[in-house]
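Asks: Questions regarding the structure given below will be posed in turn.
The values are calculated or read from the model by the stated rules, or taken from the named source; none is laboratory data. Note that this is a predicted model, so its numbers are computed, not measured. Here Cβ is always computed from backbone atoms with ideal geometry, including for glycine, and neighbour counts include all displayed protein chains. Heads up: the accessible areas ignore ligands, DNA and RNA and are worked out on the full protein's heavy atoms, side chains in. Shrake-Rupley method; radii C 1.70, N 1.55, O 1.52, S 1.80 Å.
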Amino acid sequence: MAFECQKSIESLRICSIEPSKNRDNLTLESEKIKPLYKLDAKGGIVNSKCEELLTGNEVLPGCQSITELPPVLISEIFNLLEPKELGIVSCACTLLYQIASEHHVWKEFYCERWGQPILQAPFGAGHSDGKLWKELFVEREFRSKTFMGRYTIDMLYGHTEDVRAVFVLASKKLVFTSGYDQIVRMWDLEEGLSIASSESLGCTIRAVAADSTLLVAGGTGGFIHGWKANEENPHLFDLRASQNEEMEFHVWEHGGPITCLALDFNRMYSGSWDMSIRVWDRSSLECLKVLVHSDWVWNLAPHDTTVASTAGSDLYVWDTNSGSKLAIINNAHAGYTYSLARSHTGKLLFTGGEDGAIHMFEIFENAMYHVRRVATWIPHLSAVYSLAFEFPWLVSASSDGKLSLIDVRKLLRTNRNSALNSSSKAVNLVDNVEPPQRMLHGFGSNLFAVDVGSNRIVCTGEEGLVRVWNFSQALENEQRVQALRGLRLENRMRRRNRQLETNDKGRRGNQCSFTEKKNQLDGHRNSWNNRRKMVWKVKA
């Protein structure tokens with residue numbers, strides 16, 4: 001990600017003291033946020049927590065610029081900035097660049113957007129923890145721009161009827177699909193080849209979920225069929241094997257078709273048209289909690305000790321430990337609320353409904369658990385059946401045969417200085433959002449499911465096909481452009497240095513020639529004076 005220096009930013013403004021002074025002489029002016037420490041007009045330090053005023057002569061005598069502050073204090077100030085603002089500050093001088101690059105906040109920036117990295121590079125010599133996280137953040141931010149570039153479409157053939165469910169396991173580069181043909185298929189995400197398929201499960205499969213140790217599928221039969229990962233298998237799961245009690249299992253407790261499934265580290269979640277969500281222990285396969293709704297459950301999204309769900313036209317948030325209802329949004333959509341997605345932090349919820357609209361909600365955890373709608377898009381003319389979110393892109397699939405790509409980057413702020421987290425009256429953002437940045441269309445059939453991973457968008461529908469939009473070529477093109485841009489900048493700097501050296505040599509040559517001419521003139525004057533003295537002596 002290339003940071004672009006601006007003349008002004010929301011939370012921090014960098015002002016030079018005098019053009020003739022050193023570049024390191026900088027001052028900071030806080031505008032919209034209240035940092036932990038700040039300098040007042042008299043040179044004192046104000047602590048916003050305890051509101052104690054300390055004179056500058058007692059703590060920081062003669063401190064006139066930010067570079068003269070202790071590094072610990074500068075680090076506290078940087079802790080209040082956004083990633084782009086932190087990058088702008090790092091362009092000011094070498095000291096601020098070093099502190100900003102090695103700051104621990106880059107890990108928070110990365111994890112709150114994308115969670116833990118799939119493969120974390122080992123710490124090499126000369127690489128600190130903060131610097132490594134900054135490199136990971138910049139690389140991932142750079143990759144997130146590829147969805148606006150060129151793409152290719154791959155068609156995966158194998159299903160004979162409508163495909164209702166898709167799940168992308170990006171860490172293993174696998175795709176799992178299933179539908180009306182009652183078979184779960186596993187595909188290679190990069191090659192687009194079919195790896196394996198299960199035997200017929202005896203019912204329509206409406207939900208699939210997986211991680212590196214477990215694969216589960218559920219459908220109209222009301223049961224959950226699961227496969228455990230085999231470490232010796234390069235593709236983790238052996239779907240072709242016959243019934244093996246050690247590697248496969250069945251769970252029967254729902255009284256209706258299963259519509260959604262999800263996994264986390266210790267638990268498994270299933271939602272059904274029996275108007276309930278069941279929370280399972282992954283190791284013992286025992287049902288821990290039953291969350292009863294007032295209508296059919298369409299989708300769910302767990303995070304930590306909470307799970308969000310959609311049932312009928314309503315949106316719910318539950319506490320999975322106590323089984324209590326934390327919040328409910330009645331009539332979130334006009335009609336059924338079919339789809340649901342959640343951010344890695346768990347604070348943002350996205351819903352899609354029968355009315356073709358997409359809503360964005362934010363969760364507040366103060367004295368009371370509160371959910372508030374902050375944005376709305378209406379990119380589709382028909383029902384939105386599926387949503388997938390990978391920062392900063394929200395992807396939706398609709399029965400109108402279109403996919404919409406929405407960049408929510410401008411709406412998202414970190415928890416440190418988010419205006420939405422304040423207790424004051426928040427500004428309504430519903431009418432101030434941009435339309436979807438991109439629409440992928442040209443398919444006349446219903447699109448039932450979509451998922452995102454590894455620079456690809458995978459979508460399924462009633463044609464029985466699995467479509468993969470591959471944006472890896474856009475990433476390669478962007479990398480080449482960045483490399484050429486860096487090469488041009490390097491050549492420009494090299495030419496500039498040569499020009500400066502040439503100008504310096506020219507100045508020295510001019511100075512030497514001027515001195516030589518001056519010496520010649522002085523010599524002529526001296527010789528004339530000597531001749532004049534000689535003439536006077538002869539006359540005398």
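Asks: Starting from residues that are touching a residue at least 24 places away in the same chain (Cβ under 8 Å) and farther than 21 Å from Tyr110 by Cβ, keep the ones in region 68-90 and report whichever is most open to solvent (accessible area, probe 1.4 Å).
Replies: It comes out as Pro71.
Asks: Of the residues that sit in region 253-272 and are polar (S, T, N, Q) and assigned to a strand (DSSP E or B), which one is nearest to Ala165 (Cα to Cα)?
Replies: Thr259
Asks: Considering each of Leu291, Leu236, Leu326 in turn, give the residue that is open to solvent by 10 Å² or more (accessible area, probe 1.4 Å) and within 23 Å of Tyr336 (Cβ to Cβ).
Replies: Residue meeting the stated conditions: Leu326.
Asks: Then there is this: Given the conditions (1) modelled with pLDDT of 95 or more; (2) among the hydroxyl-bearing types (Ser, Thr, Tyr); (3) open to solvent by 10 Å² or more (accessible area, probe 1.4 Å), report the number of the one that Thr305 does not fulfil.
Replies: Single failed check for Thr305: (1).
Asks: Based on this model, can you work out whether Gln64 counts as over 30 Å from Gly453 (Cα atoms), open to solvent by 70 Å² or more (accessible area, probe 1.4 Å) and at pLDDT 80 or above? It would help to see each step written out before you state the result.
Replies: Values: over 30 Å from Gly453 (Cα atoms): yes; open to solvent by 70 Å² or more (accessible area, probe 1.4 Å): yes; at pLDDT 80 or above: no.
When the stated conditions are applied, Gln64 does not pass them.
Asks: Scan (1) more than 20 Å from Phe391 (Cα to Cα); (2) without any contact (Cβ under 8 Å) to a residue 40 or more places away in the chain for the single condition Trp298 breaks and write down its number.
Replies: (2)
Asks: Next question. Which pairs do you get when a residue that is basic (Lys, Arg), found in region 356-383, comes within reach of a residue that is open to solvent by 10 Å² or more (accessible area, probe 1.4 Å), reach meaning Cβ atoms under 6 angstrom, with the pair 6+ apart or on two chains?
Replies: Between residues of region 356-383 that are basic (Lys, Arg) and residues that are open to solvent by 10 Å² or more (accessible area, probe 1.4 Å), the close pairs are Arg372/Glu362; Arg373/His359.
Asks: Still on this structure: Of the residues that sit in region 253-275 and are polar (S, T, N, Q) and modelled with pLDDT of 95 or more, which one is most open to solvent (accessible area, probe 1.4 Å)?
Replies: The qualifying residue most open to solvent (accessible area, probe 1.4 Å) is Thr259.
Quick grid of which residues meet (1) more than 30 Å from Asn330 (Cβ to Cβ); (2) among the acidic types (Asp, Glu); (3) out of contact with any Cys (no Cβ under 7 Å at 6 or more places or on another chain):
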| position | (1), (2), (3) |
| --- | --- |
| Asp238 | yes, yes, yes |
| Glu248 | yes, yes, yes |
| Pro257 | no, no, yes |
| Cys260 | no, no, yes |
| Asn266 | yes, no, yes |
| Ser272 | no, no, yes |
| Ser276 | no, no, yes |
| Lys289 | no, no, yes |
| Val292 | no, no, yes |
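Asks: For the list (1) part of a strand (DSSP E or B); (2) within 25 Å of Leu403 (Cα to Cα); (3) hydroxyl-bearing (Ser, Thr, Tyr), I need the number of the one condition that Tyr316 fails.
Replies: Unmet condition: (2).
Asks: Just to verify a result, which residue in region 239-252, among those that are assigned to a strand (DSSP E or B) and out of contact with any Leu (no Cβ under 8 Å at 6 or more places or on another chain), is least open to solvent (accessible area, probe 1.4 Å)?
Replies: Step by step, filter region 239-252, then rank; the result is Glu248.
Asks: Does Ser284 qualify as being of a type outside the set (A, V, I, L, M, F, W, C) and either touching a Phe, Trp or Tyr at 6+ places or on another chain (Cβ under 7 Å) or loosely packed, with under 13 Cβ neighbours inside 10 Å (or both)?
Replies: yes
Asks: Any residue in region 345-356 that is in contact with a Ser or Thr (Cβ under 7 Å, 6 or more places away or on another chain) and charged (D, E, K, R)?
Replies: No, that holds for no residue.
Quick grid of which residues meet (1) of a type in the set (D, E, K, R); (2) farther than 27 Å from Asn299 by Cβ; (3) open to solvent by 20 Å² or more (accessible area, probe 1.4 Å):
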residue: Val138; (1), (2), (3): no, yes, yes
residue: Asp162; (1), (2), (3): yes, no, yes
residue: Lys173; (1), (2), (3): yes, no, yes
residue: Leu214; (1), (2), (3): no, no, no
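Asks: A further question follows. Going by the structure shown, is Pro379 outside any strand (DSSP E or B) and under 23 Å from the mean Cα position of the chain (by Cα)? Explain how you work it out, then say what you get.
Replies: Working: outside any strand (DSSP E or B): yes; under 23 Å from the mean Cα position of the chain (by Cα): yes.
Judged against the criteria, Pro379 is a match.
Asks: State all residues of region 183-198 that are farther than 14 Å from Leu215 by Cα, outside any strand (DSSP E or B) and touching a residue at least 24 places away in the same chain (Cβ under 8 Å); if no residue qualifies, say none.
Replies: Scanning region 183-198 gives Leu189, Glu190, Gly192.
Asks: Now for a different question. For the subset of region 342-363 comprising residues that are open to solvent by 10 Å² or more (accessible area, probe 1.4 Å) and not polar (S, T, N, Q), which member is nearest to the chain's Cα centre (by Cα)?
Replies: His344
Asks: May I pose another question? Leu193 passes all but one of (1) under 26 Å from Leu394 (Cα atoms); (2) open to solvent by 70 Å² or more (accessible area, probe 1.4 Å); (3) modelled with pLDDT of 90 or more; (4) hydrophobic (A, V, I, L, M, F, W, C); which number fails?
Replies: With respect to (1) under 26 Å from Leu394 (Cα atoms); (2) open to solvent by 70 Å² or more (accessible area, probe 1.4 Å); (3) modelled with pLDDT of 90 or more; (4) hydrophobic (A, V, I, L, M, F, W, C), Leu193 is out only on (1).
Asks: So for region 453-469 (the condition being open to solvent by 80 Å² or more (accessible area, probe 1.4 Å) and modelled with pLDDT under 85), does at least one residue qualify?
Replies: Among the residues of region 453-469, not one is open to solvent by 80 Å² or more (accessible area, probe 1.4 Å) and modelled with pLDDT under 85, which makes the answer no.
Asks: Collect the residues in region 329-341 that are of a type in the set (Val, Ile, Thr) and either in contact with a helix residue (DSSP H, G or I) (Cβ under 8 Å, 6 or more places away or on another chain) or open to solvent by 20 Å² or more (accessible area, probe 1.4 Å) (or both), keeping them in residue-number order.
Replies: Listed by number, the list holds a single entry, Ile329.
Asks: For region 366-403, enumerate the residues that are open to solvent by 50 Å² or more (accessible area, probe 1.4 Å) and touching a His at 6+ places or on another chain (Cβ under 8 Å).
Replies: Of everything in region 366-403, those that are open to solvent by 50 Å² or more (accessible area, probe 1.4 Å) and touching a His at 6+ places or on another chain (Cβ under 8 Å) turn out to be Arg373, Lys402.
Asks: How about region 403-444: which of its residues are small (Gly, Ala, Ser) and at pLDDT 80 or above?
Replies: Hit for region 403-444 is Ser404, nothing else.
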